[in-house]
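What follows is one structure encoded as structure tokens, with my remarks underneath.
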Amino acid sequence: EEEEEEEEAAAAEAAGSDKEVDLDERLGELDLRNDSDIPDVPPPTDSTPEILKRALSGLSARWKNWWIRGILTLAMISGFFLIIYLGSFMLMLLVLSIQVKCYHEIITIGYRVYHSYDLPWFRSLSWYFLLCVNYFFYGETVADYFATFVQRREQLQFLIRYHRFISFALYLTGFCIFVLSLVKKHYRLQFYMFAWTHVTLLITVTQSHLVIQNLFEGMIWFLVPISSVICNDITAYIFGFFFGRTPLIKLSPKKTWEGFIGGFFSTVVFGFIFSYFLAQYEYFVCPVEYNSETNRFVTECEPSELFQMKKYFVPPLLQAVLGWETVNMYPFQMHSIALSTFASLIGPFGGFFASGFKRAFKIKDFADTIPGHGGIMDRFDCQYLMATFVHVYITSFIRGPNPSKLLKQLLILQPEQQLSVYKTLKSHLIEKGIL
């Protein structure tokens, strides 16, 4: 009986293992079938200007790529500084432009798969949903930061009052059009692309909205995080180019531990010094507010405690190294260490995620917009994680009640409502002995 039980157990175990093997084979076949669904992507075109090609024709491919990336990086940084000089409104337009271009690059990859089946409406619906989501988020921003401007225009009051209902109605229209566009035998693919569109919206539109929210808190909350990611990208590339020997992650074979560690220390130092420079100017530290009388954005205020020089005692262990007992610096510089640490340790995972995405669809870059760099999304894949972190960091550790924003909301109320708020506040202050 014991022998029979052992035989039955062995047979059951063998049957179970056979099922596992069959399941693995089926999953493998499914993966291959899905890969075969992806059409061959045309080879990337070389968008390098002819003048650069001729000037660098005598160099090896490795050094040619180095010089192309370096020259284009300096050009982009120079353009970025010019936009900073032009003001916060131009920075908002820049963020919106980058959002649209990144969305276009991701959607285009999906369209290569979708277009091969000649199914209708995907591209039109994708852009329609982009407009809907932007209408919702930027309408919320207008309601929050442009309240006095809206109050003077009756047509805008209607749009703001029913903003969420209008946004939902617009989205619902696109949703119904998608359902009506479903084609027999291709339902699964169409729902797959519907999800593709919504995930792309989540990655691009919501994150760019958070970038603009950070900008309204003060230009320094926009510049330090973005510059830290750029610095980490550049220094990690330089350290990896000259000293890289040890592979960091299989998703990005060119990434090395030497570049990762070198980029980390360089970024922390850069963020600390750059924050010291920016914290000295009201233009960078004051919240961005809209002046309805001049119809312009203004950055004038009494800097908060974060941007006022303070004396700190140096820890005993560092006193022996530095020879200082105290040091004067801005409190924001301590926060810059947290921001630059995230930019150099966690931010690169946005790049790894993008690398995995590109490998899944057998492409080298998202596009060929920038010679030597790829597409816009290739340069901003780490920025989206950074934007969310900064927004969460501000709301968790920095932001308190905003009297200016609250006052704008009170001014929108009806006179009798304002009077009621006034009486309630007055009685409360009398009870506390302040009045």
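Side notes on the structure shown:
- Given (1) under 20 Å from ILE109 (Cβ atoms); (2) open to solvent by 20 Å² or more (accessible area, probe 1.4 Å); (3) in a helix (DSSP H, G or I); (4) in contact with a helix residue (DSSP H, G or I) (Cβ under 6 Å, 6 or more places away or on another chain), index of the condition PHE357 fails: (4)
- Within segment 252-271, the set of residues being surrounded by fewer than 16 Cβ atoms within 10 Å (Cβ to Cβ) and not basic (Lys, Arg) comprises PRO253, PHE265, VAL269.
- Just one of the listed residues (LEU59, LEU72, LEU86) is open to solvent by 60 Å² or more (accessible area, probe 1.4 Å), at pLDDT below 85, of a type outside the set (Phe, Trp, Tyr) and at negative phi, namely LEU59.
- Taking the criterion of being hydrophobic (A, V, I, L, M, F, W, C) and either outside any helix (DSSP H, G or I) or open to solvent by 20 Å² or more (accessible area, probe 1.4 Å) (or both), the residues of segment 374-390 that qualify are ILE376, PHE380, CYS382, LEU385, PHE389.
- Counting only helices (runs of 4 or more DSSP H) that fall entirely inside segment 117-228 and contain at least 2 residues that are in contact with a helix residue (DSSP H, G or I) (Cβ under 9 Å, 6 or more places away or on another chain) and within 28 Å of LEU385 (Cα to Cα), the qualifying elements are 122-145, 163-180, 187-216.
- Filtering segment 340-373 to residues that are small (Gly, Ala, Ser) and without any contact (Cβ under 8 Å) to a residue 24 or more places away in the chain leaves only ALA360.
The values are calculated or read from the model by the stated rules, or taken from the named source; none is laboratory data. Bear in mind that the values here come from a model prediction, so they are computed numbers and not experimental data. Cβ sites come from the backbone with ideal geometry, for glycine too, and all protein chains shown count toward neighbours. Heads up: the accessible areas ignore ligands, DNA and RNA and are worked out on the full protein's heavy atoms, side chains in. Shrake-Rupley method; radii C 1.70, N 1.55, O 1.52, S 1.80 Å.
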